[in-house]
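Enquirer: Here's a structure for you.
The values are calculated or read from the model by the stated rules, or taken from the named source; none is laboratory data. It should be emphasised that the depicted structure is a prediction, and the values quoted were computed from it without experimental measurement. As a convention, Cβ positions derive from the backbone with ideal geometry for all residues, glycine included, and neighbour counts pool all protein chains shown.
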Amino acid sequence: MLIDIPHWRYSEAVSTGVSANRRRPKHRKAQIARAAAEAFSAQGYHAVSMETIAAKVGVSAPALYRHYAGKYDLFRGAVLALSQQLVDCTDLKPGPAWDPEPGPDPAAMLDRLVVALIDATLDNRDSGGLYRWQARYLRAEDQSTLTGQLRLVNRRIQKPLIAIRPSLTSAQRWMLSAGVLSVIGSIVDHRARLRADEIRALLAAAAAAILSAELPQPGDVFPRPVSWRIFAEDAGVYEALLHAAMALFKDRGYTETSMAQIAAAAGIPVSGIYRYFSSKCEILATGLRRATDRVSGQLSPIFGAITDPRQALLLLIDAYVATSFANPELVAVYYTERVNLTPADQMLLHNVQLSTVDSWVRLLTAARPALTPIQARFLVHAAMALVVDLGRMASPDDSAYAQACVRKLMEVTMFGPGADPPAGPVLPRPPKRPRRGSSSPSRVARR
């Protein structure tokens with residue numbers, strides 16, 4: 001019956017052959033999944049509602065339930081779909097150009113794997129942060145699925161690597177394969193822009209440098225730069241609150257942590273928190289600002305004492321790695337929980353981090369004049385991502401070795417392969433103090 005169609009729509013439908021019934025787009029479920037992945041990646045799991053996702057797709061929230069049981073089901077599907085893309089793109093078969101005897105060229109296989117991973121990451125740059133930073137909200141069985149997917153991708157990278165470098169230990173192979181994934185995945189953590197072909201070239205070169213890097217031997221003894229903890233639980237109530245809150249934010253998540261839990265962890269009544277902080281958000285902002293100030297504060301003494309850009313970068317790498325390993329919870333909280341800050345605090349943190357990255361970029365372009373500033377920016381972000389991703393793999397018992405490996409991979413990422421630095425960074429010498437009664441040139445000039 002045509003009784004439900006207004007006469008002005010009926011004539012249009014007849015003349016154009018359009019069905020009177022509104023048809024759902026063919027790929028509606030895929031559209032919903034992509035919109036959800038981008039929303040969860042940008043805003044975090046807890047900040048996104050079904051209404052948020054529905055608005056991005058242009059449907060009502062109830063319409064989403066035709067495809068997904070609820071918000072968690074949508075989140076789970078988005079995370080595992082992204083990681084499944086990495087599995088699918090690395091499921092490579094020998095191409096027609098491969099010589100079947102004695103088997104595929106392992107170097108060519110590695111090249112193909114890297115290209116496939118870069119392409120998949122570029123395709124999902126707006127949502128790739130989802131499985132990197134929000135996956136902890138997965139339930140145990142889904143977390144196990146994600147872990148299995150990522151292990152499979154790592155093993156596919158390691159298989160040709162074993163053929164090329166059979167002397168690598170298992171731990172070294174995992175360090176290198178995870179390093180490749182980290183460098184490639186780093187582009188989801190920033191919004192610097194380059195043509196896709198330039199990004200591919202930069203990331204492919206960085207991945208090749210990592211895969212060919214000569215890592216330190218596990219039995220060697222490494223000088224370990226000392227970095228103090230940013231917060232300590234026994235340094236007074238104020239510091240204890242920050243220490244407890246940052247640890248809880250890392251383990252439970254900001255939204256799932258209550259003021260009562262923070263107070264209990266610090267050993268004070270809940271009312272005691274409000275002598276120092278007006279809200280949970282203020283605690284988060286204070287902690288993250290302290291962390292970014294620590295990293296930013298490392299610049300001044302190095303810039304003031306070292307004139308060689310390469311040596312300055314080596315010192316910054318040492319300081320950055322040591323600080324990150326000494327305070328692992330702050331790195332995780334920065335990437336996962338900053339979405340819970342006020343817009344003003346988010347902008348402040350962003351600007352401080354941008355200023356720090358700018359300083360590294362200036363040094364890198366001075367050390368490698370062939371790089372443009374924007375190319376250097378991609379490499380700096382890639383190097384910094386290594387600290388986060390490989391740091392999560394490190395055992396406390398192997399921290400010194402892990403730090404040495406991360407420093408090495410950061411160096412080859414920024415400086416390229418075959419550009420090993422001297423045996424150690426040149427440390428600045430303090431200026432000579434004139435003997436009492438002697439005349440310095442500046443004093444003579446003022447006489």
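Enquirer: One residue is enough: does the range 234-246 have a residue meeting the conditions buried (at least 16 other Cβ atoms within 10 Å of the Cβ), in a helix (DSSP H, G or I) and of a type in the set (Val, Ile, Thr)?
Expert: No: zero hits.
Enquirer: Can you give me the number of residues within the range 162-187 that are crowded, with 22+ Cβ neighbours inside 10 Å and either more than 15 Å from LEU390 (Cβ to Cβ) or of a type in the set (Phe, Trp, Tyr) (or both)?
Expert: 1
Enquirer: Listed residues THR145, THR121; which is surrounded by fewer than 22 Cβ atoms within 10 Å (Cβ to Cβ), touching a residue at least 60 places away in the same chain (Cβ under 8 Å) and among the polar types (S, T, N, Q)?
Expert: THR145
Enquirer: Residue check, THR255 against (1) touching an Asp or Glu at 6+ places or on another chain (Cβ under 9 Å); (2) modelled with pLDDT under 85; (3) among the hydroxyl-bearing types (Ser, Thr, Tyr), all met but one. Which one?
Expert: Looking at each condition in turn, THR255 falls short on (2).
Enquirer: Which pairs do you get when a residue that is touching a residue at least 12 places away in the same chain (Cβ under 8 Å), found in the range 287-309, comes within reach of a residue that is outside any helix (DSSP H, G or I), reach meaning Cβ atoms under 7 angstrom, with the pair 6+ apart or on two chains?
Expert: Every condition considered, the pairs that remain are ARG290/ILE230; ALA291/ILE230; ALA291/ASN327; ARG294/ILE230; ALA305/PRO428; ILE306/PRO428.
Enquirer: Moving to a separate point now. Could you tell me how many of the residues in the range 276-293 are assigned to a helix (DSSP H, G or I) and buried (at least 17 other Cβ atoms within 10 Å of the Cβ)?
Expert: Within the range 276-293, residues that are assigned to a helix (DSSP H, G or I) and buried (at least 17 other Cβ atoms within 10 Å of the Cβ) number 9.
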